[in-house]
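Here the structure is laid out as structure tokens; the discussion comes afterwards.
What follows draws every value from the coordinates through simple rules; no lab data is involved. Treat the numbers as computed from the prediction; the structure is a model and nothing was measured. Methodologically, a virtual Cβ is constructed for each residue, glycine included, from the backbone with ideal geometry; neighbour enumeration extends over all protein chains shown.
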Amino acid sequence: MVFFDSHAHYHDEQFEADVDELLSSLPEKGVAYCVGPGVDAETSEKEISLAEKYDFLFAAAGIHPHEASKADENSFQRIEELLRHPKAVAVGEIGLDYHYDFSPRDVQKAVFRRQLEIARKTGLPVIVHDREAHEDCFDIMSGYPDVRAVFHCYSGSWEHAKRILNMGWYISFTGSITFKNARRVLETVINMPPDRIMIETDAPYMTPVPHRGKRNDSSYVRLVCEKVAELRGITAEEAACLTMENAMRFFGIG
Ligand code: NI
């Protein structure tokens, strides 16, 4: 069984000591493809240089809402340049985070819009981070119905998921669906149309049960896949297959 991890950050300092050892071991653990999003220009560049070294690894370039207040015209230009790389498959991760509010909300919104313009211009899809900002995020995204999008690490309601799906966008789930306190999101996993669902680790974060608390890596995407299968009443193989097809289509890989 092979998997597509739609979101993992190997630029993260938690991987600094053993990144090459780890990345070389992932294909034999069933990780057929992985997309690594940056969080600013510098980390996006790091993701692209890692993707250059590993066939299974692709990159996304973008400015995360946490880093929005540090972005300037020069950073947007660098992101656009990085997106010309053959292994850059998406703009991301971008969006709004009202949980931490590390950047002022008006700045987060402006930086999000600016990068949706870049996505429109380059024709690449976007990886959206939406934390406790559902209404504003949906409002902004609605101005870009032509931009393909995946809402990553989804934890919202099925009601909200339906609005996202009606726009033609995708939804991706992390190890958070294996957590004991996960309830609301499970309904979405169950009801998702089979052609719009993706899985991811969001490594090094969101480590699935029973490894919760340890560093996450793409090999644990198997546990997310098994949980999706269990909830939907299909085999893990079927879940691996449909999430693989969806991610390949979405990112234009293969
Ligand atoms: Ni992420």
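Ellipticity at 222 nm from helices only: DSSP H runs of n ≥ 4 in the chain, each -39500 (n - 2.57), divided by the residue count, give -12500 deg cm²/dmol. Structural descriptor for the stretch 173-249: relative contact order 34 percent, calculated from alpha carbon pairs under 8 angstrom and at least 6 residues apart.
Hydrophobic long helices, here whole DSSP H runs in the chain with Kyte-Doolittle means of at least 1.0 and Cα atoms spread over 18 Å or more along the helix axis, are not found.
Rounded to the nearest 20 debye, the dipole size of the chain about its Cα centre is 700 debye, using +1 on the Cβ of Lys and Arg and -1 on the Cβ of Asp and Glu.
With Cα atoms defining each centre, the stretch 190-233 and the stretch 69-133 are spaced 25 Å apart in the structure. Placing a pseudo-label 7 Å from each Cα along the Cα-to-Cβ vector at T235 and S157 gives an inter-label distance of 3.7 nm.
Pairs from the table (K109/K214; K46/K180; K29/K53; K162/K227; K29/K109) lying more than 27 angstrom apart at Cα are K109/K214; K46/K180; K29/K109.
The ranking of S75, S49 by Cβ neighbour count inside 10 Å, starting from the fewest, reads S49, S75. Springs join every pair of Cα atoms under 10 Å in this Gaussian network model of the chain, and among T201, T178, T235 the largest mean-square fluctuation is at T235. The rule of thumb for compact globular proteins, 2.2 N^0.38 Å, goes into the C-alpha radius of gyration of the chain 0.92 times. For the pair R212 and E28, label points projected 7 Å from Cα toward Cβ lie 3.1 nm apart.
The ranking of V221, V126 by Cβ neighbour count inside 10 Å, starting from the fewest, reads V126, V221. Sorted ascending by nearby beta carbons within 10 Å, beginning with the fewest, W158, W169 become W158, W169. Here the contact order of the chain, divided by its residue count and restricted to Cα pairs under 8 Å and six or more residues apart, works out to 19 percent.
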